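The values are calculated or read from the model by the stated rules, or taken from the named source; none is laboratory data. Computed from a prediction, not measured in an experiment: that's the story for all the values here. For neighbour counting, all protein chains shown are included, and Cβ atoms are generated from backbone atoms with ideal geometry for every residue, glycine included. Each accessible area value is taken on the protein alone, full model and side chains, heavy atoms only, with ligands, DNA and RNA left out. Shrake-Rupley method; radii C 1.70, N 1.55, O 1.52, S 1.80 Å.
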Amino acid sequence: MMLRNRLAIISGCSLAALGAMAAWQFGGAAEARQAVATCDTATTPFCNSTVPLPAGWTGRRFQLSQNYPTAIPSDAMPWKAFDPTTQSQPYIQAVLGYFYEGNLRPDIDASFDPTLNTVRHWYNAPWQDTGTNGREPIHGLTRERTSKPQELAPSQGRQWNNYAVGFYNAPGGAVIGRMWANRGKPNASAASDMPEGTVAAKLLFTTAPVSEVPYLQGSPEWDAYVYADVNNPFPKPTSPRAVVKVRLLQIDIAVKDARVASKTGWVFGTFVYGGGPGGPAGNGWTNVAPIGLMWGNDPGYSGTGPLTESWINPAVTMPHLGYQGRLNGPVDNKLSSCLSCHSTAETPAGSMMPTGTSTAPWFRNIPSGTAFDAGRTSLDYSLQLSVGLGAFLDAQKVMNTRNPTARRLLVKRLEAEDARPARDGGTGR
């Protein structure tokens with residue numbers, strides 16, 4: 001696990017201990033020492049990725065967008081022209097257009113590079129680089145839930161790994177900056193209530209081929225340095241990597257909108273490339289269709305009759321949605337929903353997926369700024385902040401465990417916990 005290269009991040013551990021724990025990941029203690037000396041310490045920038053690039057690589061390299069604003073600039077909010085509860089489709093399309101503006105480029109590989117956007121700034125959440133699922137170095141993709149056979153399309157015969165990269169606009173970026181102002185001692189309370197107009201967006205890519213998921217024909221492709229065994233849902237940290245073509249499958253958006261404050265304060269939506277199974281042919285970034293939009297979890301819903309706090313696009317038919325037909329994307333776990341999963345963003349982290357005999361706690365309308373579990377600190381529906389803070393705290397635990405045997409046991413336990421991505425009910429990236 002890449003936590004092993006964190007033993008000297010905050011302070012304390014000797015270089016000898018660091019080298020012993022990290023050499024297997026980087027191929028040598030010297031490279032491991034160099035990696036931790038230049039990023040993710042209390043006085044250095046956050047890491048772009050801790051996965052070394054493949055030998056001889058001359059292509060694109062991911063650069064974490066981390067010049068977080070101290071003040072929130074004025075900006076257009078085109079979605080405000082529409083009521084999300086009654087004009088759901090134009091609302092979600094307006095948010096997508098906002099996300100696309102300045103991010104689409106003739107060069108597919110250069111699209112969604114915040115350093116090239118001259119319209120507005122977008123930012124990445126830090127500390128997504130650790131663990132089995134941590135950021136790869138070409139596009140900054142983190143490993144997501146593996147899609148099981150027929151979850152993406154009836155013709156899908158094998159399971160396929162998926163990867164994603166997330167972005168926040170300036171209001172969200174300002175909160176990230178406040179939370180991590182002291183990089184050696186993050187302040188979770190500073191991120192307990194995102195400001196109005198915060199937009200989070202995530203691009204999700206799959207290793208699934210067009211032969212098994214035909215509606216991916218024409219999908220934008222990126223190179224990613226990911227696990228070579230693209231069908232393995234639980235790779236080990238030492239599993240070999242390769243440069244693999246990944247295809248755009250899903251786009252998630254989330255908007256902080258005071259008009260739904262009586263429900264959750266958030267509007268979540270998701271798109272699928274090509275309109276899903278049976279969708280119209282097309283190509284490029286804009287060939288996506290909304291699966292739906294939700295602003296509440298429909299607490300107490302029996303599973304029959306219409307949902308009242310979601311809009312599900314009747315023109316898109318997916319092999320699965322979320323629990324009892326609530327909104328979810330193709331990569332997501334059908335036992336949950338977009339809002340249900342993200343409502344668990346808190347510290348200390350709890351269970352992201354329904355457990356036990358009752359699902360009701362996961363389908364409450366939890367107000368923005370309120371923790372999922374009593375006595376914990378809300379991270380306001382941001383799982384990226386929750387996961388990043390968890391990775392930081394795990395690194396501290398490892399660093400503060402001085403006994404070598406106890407340290408190895410701790411790292412082994414953290415590796416086991418990290419094997420399952422968050423969308424599949426785990427704590428990993």
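Estimated from helical segments only, the mean residue ellipticity of the chain at 222 nm is -6000 deg cm²/dmol, where each DSSP H run of four or more residues counts as -39500 (n - 2.57).
Across segment 145-202, how large is the tail of the calculated P(r) beyond 19 Å, expressed as a percent of all Cα pairs?
When every Cα pair of segment 145-202 is considered, 53 percent fall beyond 19 Å.
Stokes-Einstein diffusion for the chain at 10 °C, viscosity 1.306 mPa s, with a Kirkwood radius from C-alpha pairs, works out to 73 µm²/s. Applying 1/(1 + (r/R0)^6) with R0 = 51 Å to the Cβ-Cβ distance of Ala55 and Ala76 gives a FRET efficiency near 0.70. Label sites at Gln324 and Ser262, each approximated as a point 7 angstrom past Cα along Cα to Cβ, lie 2.1 nm apart.
Averaging 1/r over each pair of different alpha-carbon atoms in segment 200-339 and inverting the result gives 16.4 Å, the Kirkwood hydrodynamic radius. For Ile92, the solvent-accessible surface with a 1.4 Å probe is about 0 Å², rounded to the nearest 10.
Rounded to the nearest 0.05, what FRET efficiency do Arg413 and Asp229 have when you use their Cβ-Cβ distance and R0 = 25 Å? Numbers along the way, then the final one.
Numbers: r = 24 Å, r/R0 = 0.95.
According to the calculation, E is roughly 0.60.
Fully extending the segment from Thr115 to Ser302, taken as 0.36 nm per residue of separation minus the present Cα-Cα distance, adds 62.6 nm. Would you mind telling me the share, in percent, of accessible area of the chain contributed by carbon and sulfur at probe 1.4 angstrom? Heavy-atom surface of the chain belonging to carbon and sulfur, 1.4 Å probe: 54 percent.
Pull out a ≥ b ≥ c, the square roots of the eigenvalues of the alpha-carbon gyration tensor of segment 75-207, then state rounded if a/c is under 1.5, prolate if not and a/b is larger than b/c, and oblate in the remaining case. Because a/c hits 1.5 or more and a/b fails to exceed b/c, segment 75-207 counts as oblate. Counting only residues at least eight positions apart within a chain, or on another chain, the lysines with an alpha carbon under 25 Å from that of Lys334 are Lys148, Lys202, Lys256, Lys263. Accessible surface of Asp418, taken over heavy atoms with a 1.4 Å probe and every protein chain present, rounds to 0 Å².
Once you keep just the Cα pairs under 8 angstrom separated by 6 or more residues, what percentage relative contact order results for the chain?
Values: 975 pairs, mean separation 70.8, N = 429.
It comes to 17 percent, rounded to a whole number.
Rg and Dmax, both from the Cα atoms of segment 245-284 and both in Å, are 14.6, 43. Averaged per residue, the chain has 38 square angstrom of accessible surface, using a 1.4 angstrom probe with ligands and nucleic acids left out.
What the phi angles of segment 357-372 give under the Karplus curve with 6.51, -1.76 and 1.60, with θ = phi - 60°, is a coupling list of 8, 10, 8, 3, x, 8, 10, 8, 8, 8, x, 3, x, 9, 6, 4 Hz, glycine and proline written as x. Close amide H partners of Val226, meaning residues 5 or more places away or on another chain with modelled amide H under 5 Å apart, are Ala242, Val244.
For Ala281 and Ala360, calculate 0.36 nm times their separation in residues minus their Cα-Cα distance, and state this gained length in nm to one decimal. Don't jump to the answer; show the numbers that get you there.
On the way: separation 79, 0.36 × 79 = 28.44 nm, distance 3.97 nm.
The Ala281-Ala360 span can extend by a further 24.5 nm.
Between Ser189 and Thr43, the simple spin-label model (points 7 angstrom out along Cα→Cβ) gives 2.8 nm.
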